[in-house]
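**Q** If you scroll down you'll find the structure; I have some questions about it.
The values are calculated or read from the model by the stated rules, or taken from the named source; none is laboratory data. None of the values given here were measured: they were computed from a predicted structure. Cβ: placed from backbone, ideal geometry, glycine included. Neighbour counts: every protein chain shown.
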Amino acid sequence: MKYYILFTFALTSINFFSQESSNDLFQKWYLHSLYFENPEHFIVSEISPSVAPSLLIMDNLDFSGAGSCNTFEGKFNFTNSGNSLETNQFLSTNTNCEFEIHNRLESVYFDLLQSLNIDYKITNENDHLVLEMSNAVFVTAIFKNKIERLSLPNFESDLNQIKIYATKDKSSIIIESEKVSISRAEIYNINGQNFKIIEDMLENNYIIDLPKGFYLIKLFSSKGNITKKILIP
C-alpha cells in the first residue's frame, strides 16, 4: 500500500487555554460541502455516483476517516490561537478513484486536512451539529454529525452485505457483492503486510487463491471502503 506522509515538526508546548466547543469536536463527522477557488464548490449529496467522506476525531486528537475511495488517519494538535488546529501527521492510501469528480473532491478534502493551520467552529442546526473547518488558502469544509440518508440510500447496509468466504477445498476465497461494484481489493496477512492487490474487479463474484491463514481484506468501491476479516483454516 502506498501512503502520502506529512510530518510537521515544531516545538511542543502545553496549551492552557480552554475551548468551549472542544468536547463537541470529538465525534464522527460527515462531509456535507466543500468550498474552494470561489465560486467552485462541491455539495456531497449532489455527487454521482454517491460518496460519503467522513472524519472521526478522537479526544486525544487522533483522527481518521474516508474520502471518495481512499482512507486516511493522522494527528491534530490544538494551537494557541483559539479554536484552531494544526496537522501533525497525515497518512492516506493512494488509490485512483474510478470517477474524476471523486478524485477532485478527495484531493481538495485531503489538502485541507493536511493544513498547518485549520480554523474551526461548531454550531447547532435543527437536530444536529455543524462543523466548519477552513484554512489559509480559502478552502472551507462543512461537516454534519448526521449523515443525510436520503442522499446516500442504504450506503452502510450495501457495504455490509458484501460477503467473503472460503471455498470448500479451502484453497481460495470468494468475494460476493450484489449491490456494490468493487474496484479493488487489498489483502493483508496477520502481520499487517500487504500480501496481494487485485485491480479492476469487474465481476460480482470474484475468486482469489490464498493459502491457509488469517487475512484482512480491504475493499474499495464507489460507495466507500470496507475492511473484512477471514480465516482460511
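**Q** When the residues of the stretch 182-205 are narrowed to those that are in a strand (DSSP E or B) and among the aliphatic types (A, V, I, L, M), which ends up surrounded by the most Cβ atoms within 10 Å (Cβ to Cβ)? Even if it seems obvious, please write down each step before you answer.
**A** Applying the first criterion (in a strand (DSSP E or B)) to the stretch 182-205 yields 182-188, 194-199, 205.
Next cut, among the aliphatic types (A, V, I, L, M) only: 182, 185, 187, 197-198.
Numbers: Ile182: 23, Ala185: 19, Ile187: 19, Ile197: 12, Ile198: 16.
Once the filter is applied, the top-ranked residue is Ile182.
**Q** Here's something else I'd like to know. Evaluate the following for Ser92: is it crowded, with 18+ Cβ neighbours inside 10 Å, farther than 17 Å from Asp119 by Cα, in contact (Cβ under 8 Å) with a residue 60 or more places away in the chain and within 12 Å of the chain's Cα centre (by Cα)? First the steps, then the outcome.
**A** On the way: crowded, with 18+ Cβ neighbours inside 10 Å: yes; farther than 17 Å from Asp119 by Cα: yes; in contact (Cβ under 8 Å) with a residue 60 or more places away in the chain: yes; within 12 Å of the chain's Cα centre (by Cα): yes.
Yes: the conditions hold for Ser92.
**Q** What pairs come out if I take residues in the stretch 104-117 that are more than 13 Å from Leu55 (Cβ to Cβ) and pair them with residues that are of a type in the set (D, E, K, R) whose C-beta lies under 6 Å away, six or more apart or interchain?
**A** Cβ pairs passing all conditions: Leu116/Glu86; Asn117/Glu86.
**Q** From the set of residues in the stretch 136-172 that are modelled with pLDDT of 75 or more and among the small types (Gly, Ala, Ser), which is farthest from Lys28 (Cα to Cα)? Steps first, please.
**A** The initial filter retains those residues of the stretch 136-172 that are modelled with pLDDT of 75 or more, namely 136-146, 159-172.
Next, only the ones that are among the small types (Gly, Ala, Ser) stay: 136, 141, 166, 171-172.
Values: Ala136: 24, Ala141: 14, Ala166: 33, Ser171: 39, Ser172: 36 Å.
By that ranking, first place goes to Ser171.
**Q** Moving to a separate point now. Only residues that are among the basic types (Lys, Arg) and at pLDDT below 50: list them for the stretch 1-55, please. Working first, answer last.
**A** Our first condition is that a residue be among the basic types (Lys, Arg); within the stretch 1-55, this holds for 2, 28.
Lys2 - this is the single residue of the stretch 1-55 that is among the basic types (Lys, Arg) and at pLDDT below 50.
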